[in-house]
Amino acid sequence: MKNEDVVKLFDSYADDLYRFAVSYVGSRHDAEDVVQDVFLKLLSKNLLFDRRFEKSYLLTITANKCKDLLKSKARKTSVDLESEEWHLEYYEGFTDSDRAVFDELMALPEIYRAPIHLFYYEGYSYKEISRILKISESAVAMRIKRGKEQLKIRLEEET
Amino acid sequence: MKNTIDKIVMDENKKEEIRKELLKKRTKNHTWVKVAASVAAVVAALMIVPFTRNTILQAAENVISTFKSKTGTEIKVVMDENNDIVSAEVKEGADEYIEVIDDRIYFKIDGTSTDITDQCSDSDFFRYEIRNDDGTYNLIYIGGTPSEYGWIEIIIVPDMNQAGSGEDGVLVTATISSKICDADSPQKEWEKKAEKDTQEFINELKGN
């Protein structure tokens, strides 16, 4: 794949992959690094894929990178990733309501955040999510159900 | 929730930094690969070349086939339950089939080196065919001149339908040397002839 082709893919999907990476790893800076690594991998590995599946394929690579990054961070710092303070990284245009929703989303355990993002935001089916995250469909269903329940409780408590 | 997530966008300066990084990064671009799951796509798509294959089933849905060529190139093809190719990953090999010495083209394989200069031109190719023990075929085409040569290696897997690929039951993949790998450059006469030769070979295999 030529450099220009990879840049075209980047322009098409950078924000989608970035949102997914943010929901997965929680950190703005880490999400940027993940997205950059995804597209550098496309170049270095000479990867090609069926254009019909390009977005889900890119999300799969992104999920793998996020997983690697979290493992690496956990090894290096022994920090409880779930306890990090996500609220320090709000985005431009966020209202108070957005901040509240974002805080509660990020407060969910990482294993719930990624499937919830793919299901509710990207609109993927359980089957597609199971391929992207490399977990079983039943695990996807379970995580979405539990994540949704937790989110509902948190948002209700908030209001 | 959607409205909130919509507002999460990557910083424009960071995007520009990544774009620049992607454009300046040099790629080896040794192998240009496309994968076709059906014979009909052979002419349109040039593909990769294996010598051995190892097919496994993943999660009862996706089929992963790994191919290796004698140049060390390895390709992993993933197909879903509908026989659609989901992805293809290529790891480049370290070797080349061609060496040019004193304005002569040599074909190198299995430790041998053969002068094929007189069989190659802009309109003609040298052809090397291998039938492997597992029933697959490798067709190697070399064409051009000592200053502008190239090779195309095709693998044909006649029974690929058993592994879940292709309506015709034939998987054709290829790898192409860097000399002719630019997809935007016009096809040379010898390349067109090589494609025709491949199509005829497949037709014979299918008994057409």
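Computed from the coordinates by the stated procedures, all read-outs in this text should not be read as laboratory data. Source: prediction; values computed, not measured. So basically every Cβ, Gly included, is an ideal-geometry build from the backbone, and we count neighbours across all protein chains shown.
Highest mean first, how do A:25-32, B:198-205, B:148-155 rank when packing is the count of other Cβ atoms within 10 Å averaged over residues? Mind showing how you got there, number by number?
Numbers: A:25-32: 20.5, B:198-205: 15.2, B:148-155: 23.5.
By packing density, highest mean first, the sequence is B:148-155, A:25-32, B:198-205.
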For A:32-40, mean number of other protein chain Cβ atoms within 10 Å: 3
Listing A:105, A:118, A:69 from the residue with the fewest other Cβ atoms within 10 Å to the one with the most, what is the order? A:69, A:105, A:118
Given Cβ point charges of +1 (Lys, Arg) and -1 (Asp, Glu) and nothing else, what value in debye, to the nearest 20, does the dipole of segment A:93-159 about its Cα centre take? 460
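Need one value for A:3-10: mean number of C-beta atoms belonging to other chains within 10 Å of its residues' C-beta atoms. Numbers along the way, then the final one.
Numbers: counts 9, 2, 2, 5, 6, 0, 1, 5.
Per-residue shielding by partner chains comes out at 4.
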Taking R0 as 45 Å, what's the FRET efficiency between residue B:109 and residue A:72 from their Cβ-Cβ distance, rounded to 0.05? 0.60
Estimated distance in nm for a label pair at residue A:103 and residue A:153, the labels positioned 7 Å out from Cα along Cα-to-Cβ: 1.8
Would you mind checking the pairs A:8/B:188; A:65/A:127; A:41/B:2; A:127/B:7 and listing those with alpha carbons more than 25 angstrom apart? A:8/B:188; A:41/B:2; A:127/B:7
